[in-house]
Amino acid sequence: MTAGQRSFACSGGGQWRFYTRNGVKVPLKEIRDEAAIVEARDGTVARDLFMEDVKAKLRSAERGELVRPDDVKTDMARASGIHELRWEREMHPCELRWWRLYYCEPVRLYQQRVMLALRFAEKLSPEGQDLDIDEAVTRYNWWLQDQ
């Protein structure tokens, strides 16, 4: 992982790749699973808005248009080299929900400006967020072993 720099997501853009396990792009599956949860809780319109938000954020990151700290947090204190994309949406009056996509920019793919998506999850608590960051680090290490 590269540490201590700005992310491509807010500096010139890059291309997404997704951590893959057993032929499944895991973060994309997590996004689809979360969309199903949103739909079950809040309906199809909420699901569609959620998916539009996700796609727009990913495209903006590819173009390097995101702004720190509102859209991106770089170099997480818990795991240097892990970054997060941030989403929030008011689902009902007085109910704000947050989601995160944890990713890194692997040194070996730095010249290609690759942003490797590792973990997508709803942020429910600081403790849960720590577990999500730990999972992102684990997936990055598995990705390294597979290269």
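The values are calculated or read from the model by the stated rules, or taken from the named source; none is laboratory data. Remember, predicted model here, so these are calculated numbers, not experimental data. Methodologically, a virtual Cβ is constructed for each residue, glycine included, from the backbone with ideal geometry; neighbour enumeration extends over all protein chains shown. Note: accessible area is taken over every heavy atom of the protein model, side chains too, but ligands, DNA and RNA are not part of it. Shrake-Rupley method; radii C 1.70, N 1.55, O 1.52, S 1.80 Å.
Counting only strands (runs of 3 or more DSSP E) that sit wholly inside the range 78-147, those with at least 3 residues that are open to solvent by 70 Å² or more (accessible area, probe 1.4 Å) are 83-92. Residues that are touching a residue at least 12 places away in the same chain (Cβ under 8 Å), open to solvent by less than 20 Å² (accessible area, probe 1.4 Å) and either touching a Gly at 6+ places or on another chain (Cβ under 9 Å) or not in a loop (DSSP other than H, G, I, E, B) (or both): does the range 56-64 have at least one? The answer is yes, given that some residue of the range 56-64 is touching a residue at least 12 places away in the same chain (Cβ under 8 Å), open to solvent by less than 20 Å² (accessible area, probe 1.4 Å) and either touching a Gly at 6+ places or on another chain (Cβ under 9 Å) or not in a loop (DSSP other than H, G, I, E, B) (or both).
Return a yes/no flag: does the range 5-12 have any residue that is aliphatic (A, V, I, L, M), part of a helix (DSSP H, G or I) and farther than 17 Å from Tyr102 by Cβ. Steps first, please.
Applying the first criterion (aliphatic (A, V, I, L, M)) to the range 5-12 yields 9.
Checking the rest, the ones that are also part of a helix (DSSP H, G or I) come to 9.
Restricting the remaining residues to those that are farther than 17 Å from Tyr102 by Cβ gives none.
Taking every residue of the range 5-12 in turn, none turns out to be aliphatic (A, V, I, L, M), part of a helix (DSSP H, G or I) and farther than 17 Å from Tyr102 by Cβ.
Would it be correct to say that Arg68 is basic (Lys, Arg), surrounded by fewer than 18 Cβ atoms within 10 Å (Cβ to Cβ) and more than 25 Å from Ala36 (Cα to Cα)? Considered against the rule, which asks whether it is basic (Lys, Arg), surrounded by fewer than 18 Cβ atoms within 10 Å (Cβ to Cβ) and more than 25 Å from Ala36 (Cα to Cα), Arg68 comes out as yes. Regarding the range 101-113, can at least one residue be identified that is at pLDDT below 95, under 15 Å from the mean Cα position of the chain (by Cα) and of a type in the set (Lys, Arg)? Among the residues of the range 101-113, not one is at pLDDT below 95, under 15 Å from the mean Cα position of the chain (by Cα) and of a type in the set (Lys, Arg), which makes the answer no.
Screening the candidates Arg100, Arg86, Arg59, Arg63 for the property of being closer than 25 Å to Ala35 by Cα, of a type in the set (Lys, Arg) and in contact with a Pro (Cβ under 9 Å, 6 or more places away or on another chain) yields one hit, Arg86.
When Met1, Met76 are screened for being closer than 23 Å to Leu124 by Cβ, of a type outside the set (Ser, Thr, Tyr) and at pLDDT below 95, only Met76 passes. If you go through the range 13-48, how many residues are in a loop (DSSP other than H, G, I, E, B) and touching a residue at least 12 places away in the same chain (Cβ under 8 Å)? Looking only at that region, the number is 3.
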